[in-house]
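A quick write-up on the structure given underneath.
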Amino acid sequence: MTKKIAVINGDGTGPELVQAMLNVLKATDIKAEFIMCEAGSEWWEKNGGNSYFPKETWDAMEEADVCFKGPTTTTPTPGTPRSVAVTIRQHFDLYANIRPIKTFTNHVGPLGEVDFICVREATEGLYSGIEYQLSDDVGIAIRKITRKSCERVAKQAFEIAKNKNWKTVVPLYKANILKITDGMFFDSVKKIGADYPDIAIEDYFIDNFAQQIVKNPQRFNQTIVLSTNLFMDVISEECAGLIGSIGCVYSGNYGDNYAMFEPAHGSTPKYTGLDKVNPTATILSGAWMLDYIGEKNNSKLIFDAVNHVITEGKHVTYDLKGNSKLSEMSNAIIDQINKTLN
């Protein structure tokens, strides 16, 4: 049965990145129907309303088997809509945001080779969007943490470790200060961890980990690094620097019955239309989506092609120390796929 994929073009460089991703996916023998959708600040600026989404996009996502989201812009002004990614995660209860951090061959960063996975609770915490302005000079934000969400994202982390035969989960928290919320998070990790006796729990306070990951990042190779929403959002961005660029970090947002895939980076509007930015994260997010819908051979085909192009280094973008355009790098990936298929 043909799978349906809802594809959000996004803002800024989103449309050109998404088109490059679609070109790569279609170079395989994938059997899927792509439903093109709009969402984001550029759509909202033209149409207004209290949401970054037209109704047609919600209808398409509800009908689809999976969603792909290009990079989108979120306006930081009070009273504007909630971000596209946060809205989708909360609507479909996509509680686990997963970002692999792995060095590409021949592109080792200044701190050495790394290989670990960041797992982030993605539906609550400070991203719950519960804020109040008490006066002109005082505002508060509520960091909502629930035991259910902590336990289910912890289970996701331990399951990934089990499936990869990795032996350690590294929870990050700050329970010496956030004694109730982070205490609940860490208690949940320990409770779930008891069902995985072969996997160790090695906990760090978030500030200590931020130092350790640049002091000795290899210490965390073949581990699952787990944390709450904002903590892991910040830490995974820091970790992206270990492999050269946030433009290399792909991600998936998983619930029990649905998933949304996206590059980890933003929409970089200053580069819109310049054919400049790195398409790796977008293309690999698309490849990972294929694995989710059962197109595992085509997923591997794309991952192998991207790894070949980056390893070879002839057709890579500026952030990978090359001088190729976005389109030239994506076309080189397509050429490698064609060579493999033919």
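So here's what we get for this one:
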item: Matching residues, segment 36-49, being over 18 Å from the mean Cα position of the chain (by Cα) and surrounded by 17 or more Cβ atoms within 10 Å (Cβ to Cβ); result: C37, E38, S41, E42, W43, W44
item: Qualifying residue in segment 149-167 (condition: touching a residue at least 24 places away in the same chain (Cβ under 8 Å) and assigned to a strand (DSSP E or B)); result: no
item: Residue that is surrounded by 19 or more Cβ atoms within 10 Å (Cβ to Cβ) and farther than 27 Å from E159 by Cβ, where the choices are G247, G286, G241, G273; result: G247
item: Segment 74-111: number of residues that are in a loop (DSSP other than H, G, I, E, B) and at negative phi; result: 19
item: Criterion: among the acidic types (D, E) and either in contact (Cβ under 8 Å) with a residue 60 or more places away in the chain or not in a helix (DSSP H, G or I) (or both) - qualifying residue of E262, E238; result: E262
item: Residue in segment 63-73 that is under 24 Å from D93 (Cβ atoms), over 21 Å from the mean Cα position of the chain (by Cα) and either outside the structural domain of I302 (by TED's automatic domain parsing) or not in a loop (DSSP other than H, G, I, E, B) (or both) present; result: yes
item: Breaking point among (1) at pLDDT below 95; (2) over 20 Å from Y250 (Cα atoms), for T74; result: (2)
item: Enumeration of residues in segment 167-189 that are in contact with a strand residue (DSSP E or B) (Cβ under 9 Å, 6 or more places away or on another chain) and closer than 10 Å to T228 by Cβ; result: P171, L172, Y173, K174, T181, D182, F185
item: Residues satisfying the stated conditions in segment 118-138, i.e. more than 27 Å from Y95 (Cβ to Cβ) and part of a strand (DSSP E or B); result: Q133, L134, S135, V138
item: Residue among K179, K191 that is exposed (fewer than 15 other Cβ atoms within 10 Å of the Cβ), at pLDDT 95 or above and part of a loop (DSSP other than H, G, I, E, B); result: K179
item: Condition check for V316: part of a loop (DSSP other than H, G, I, E, B), surrounded by 15 or more Cβ atoms within 10 Å (Cβ to Cβ) and modelled with pLDDT of 95 or more; result: yes
item: Residue list for segment 268-290, filter: polar (S, T, N, Q) and at pLDDT 95 or above; result: T272, N278, T280, T282, S285
item: Only listed residue being over 30 Å from D319 (Cα atoms) and under 24 Å from the mean Cα position of the chain (by Cα), chosen from F158, F220, F209; result: F158
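The values are calculated or read from the model by the stated rules, or taken from the named source; none is laboratory data. Since we're looking at a predicted model, the values are computed, not measured. So basically every Cβ, Gly included, is an ideal-geometry build from the backbone, and we count neighbours across all protein chains shown.
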